[in-house]
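Worksheet for the structure shown next.
The values are calculated or read from the model by the stated rules, or taken from the named source; none is laboratory data. Fair warning: this is a prediction, and the values are worked out from it, not measured in the lab. Cβ sites come from the backbone with ideal geometry, for glycine too, and all protein chains shown count toward neighbours. Areas reflect the complete protein model, heavy atoms only, side chains present, ligands, DNA and RNA absent. Shrake-Rupley method; radii C 1.70, N 1.55, O 1.52, S 1.80 Å.
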Amino acid sequence: MERPSGKTLVAVLAAVGASVGCAAAVVWHVAVAGSSDVASGIGTEYIRPNWFPASLYLAGAGLAIGLIAASFLVDSGLRIVQDRQRSRLQLFMLLIVIGAALGASSALAWTHWPPQRAELASEPLSGQVLSFWQRGTDITPPASDFGWTAYTAYLEGDQDRATFRPTIDHPWLVFPIGGVLIAALAALTLSLRDFRLTVLSDQDSV
């Protein structure tokens, strides 16, 4: 009998990891207060985080975690095979644990590197430059924004920054549950197509 390949397991865990990362990226963008009107003459300020590059970071991190986990599991002899006779419980358990771990990683990122607002003032560029020369305002964005939001011109007197806040009160509950749901959906889809988790034995030929 031909030895089962580990490519299916690698592909499944990579897909689950990327899916959880993409879901976290969506949460990163929408789970904050909406746009708000600021002072007269400035216009509407959009305070939702930008999609990029945070989405790439989160999806890439999920993909990397899935691939790393898959490499260890394949080395330990785990495989996904198409066999209707085997139990589907092991596949569900494995993917749910992986999903919970991915969700916990997203919660850790949310806790230590929460979304940062991305601002866009409708004041004309000439007015921004004039304000800069009149008030000597530093328009350099804070260091916390590098890599997570786009460049923003910060004008002196902007008091609306304090209104920005993420709206998830319990990230250590929300993200792991989301990861489990995504992983369980993947396990259900595979099990309906008769894919099961198995462990290679010494009798399997190379």
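Summary table
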quantity	calculated
Stretchable slack from Ser76 to Leu181, in nm (0.36 nm times residue separation minus alpha-carbon distance)	35.2 nm
Solvent-accessible surface (1.4 angstrom probe) belonging to Phe72, in square angstrom, nearest 10	140
With all protein chains modelled, accessible area of Leu56 [1.4 Å, Å²]	110
Karplus (6.51, -1.76, 1.60) ³J(HN,Hα), θ = phi - 60°, over region 92-107, in Hz, Gly and Pro reported as x	4, 4, 4, 5, 5, 5, 5, x, 5, 5, 5, x, 5, 5, 5, 5
Separation of the Leu67 and Gln85 label points, Cα + 7 Å toward Cβ, nm	3.7
